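The values are calculated or read from the model by the stated rules, or taken from the named source; none is laboratory data. All values derive from a computational prediction rather than experimental measurement. Positions of Cβ are backbone-derived with ideal geometry, glycine not excepted, and every protein chain shown enters the neighbour counts. Heads up: the accessible areas ignore ligands, DNA and RNA and are worked out on the full protein's heavy atoms, side chains in. Shrake-Rupley method; radii C 1.70, N 1.55, O 1.52, S 1.80 Å.
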Amino acid sequence: MTSKPEITKLSDTVSVSPQLELSDVAALAKAGFKSIICNRPDEEKGDHPRSAVVAKAAKESGLQFAYVPAVSGAITDQDGEKMAAALQDLPAPVLAYCRSGARSTKLTEMAQAKTADTSSAAKNSTS
């Protein structure tokens, strides 16, 4: 992201991107983001900053941070539930990232579907 941000806005509250560099964190705060979610497991192969290091940089920039790792190609319903919980708890707008942004996009879609299902069930129980 250091040369050109590759941020994809999924909604008014959530955007996704490929792997962040530490130098990107302060720029995200300046751009108006309030929170960051890391969906890339620390043990995943590749040269990338670990979640604790990004969390520290986020805190120093006044951003909230959540670590919601999911294994590429093996995302579970539980991963979607954890993402939904993080999106509910964190101040928006939120930027979620992984290696390419695809995992974060899938998790956000799962979280939004879960939230829609919960809202629909609550609405039906009061009808």
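Okay, residues lined up against (1) touching a residue at least 60 places away in the same chain (Cβ under 8 Å); (2) of a type in the set (Gly, Ala, Ser); (3) within 15 Å of Cys98 (Cα to Cα):
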position	(1), (2), (3)
Ala29	no, yes, no
Gly46	no, yes, yes
Ser51	no, yes, yes
Ala55	no, yes, yes
Glu60	no, no, no
Val71	no, no, yes
Glu81	no, no, no
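Within the range 8-27, being in contact (Cβ under 8 Å) with a residue 40 or more places away in the chain and open to solvent by 50 Å² or more (accessible area, probe 1.4 Å) holds for Thr8, Leu10, Asp12, Thr13. Looking only at residues of the range 83-95 that are touching a residue at least 12 places away in the same chain (Cβ under 8 Å) and in a helix (DSSP H, G or I), we find that the one that is nearest to Lys106 (Cα to Cα) is Met83. When Ala74 is tested against (1) open to solvent by 40 Å² or more (accessible area, probe 1.4 Å); (2) closer than 18 Å to Ser17 by Cα, only condition (2) is not met. Residues in the range 58-82 that are farther than 13 Å from Leu95 by Cβ and assigned to a helix (DSSP H, G or I): Lys59, Glu60, Asp77, Gln78, Asp79, Gly80, Glu81, Lys82. Identify, please: which residue in the range 85-102 is more than 18 Å from Asp24 (Cβ to Cβ) and under 10 Å from the mean Cα position of the chain (by Cα) and is, among those, surrounded by the fewest Cβ atoms within 10 Å (Cβ to Cβ)? This residue is Ala86.
Residues in the range 1-53 that are among the aliphatic types (A, V, I, L, M), in a loop (DSSP other than H, G, I, E, B) and out of contact with any Asp or Glu (no Cβ under 7 Å at 6 or more places or on another chain): Ile7, Leu10, Leu20, Ala31.
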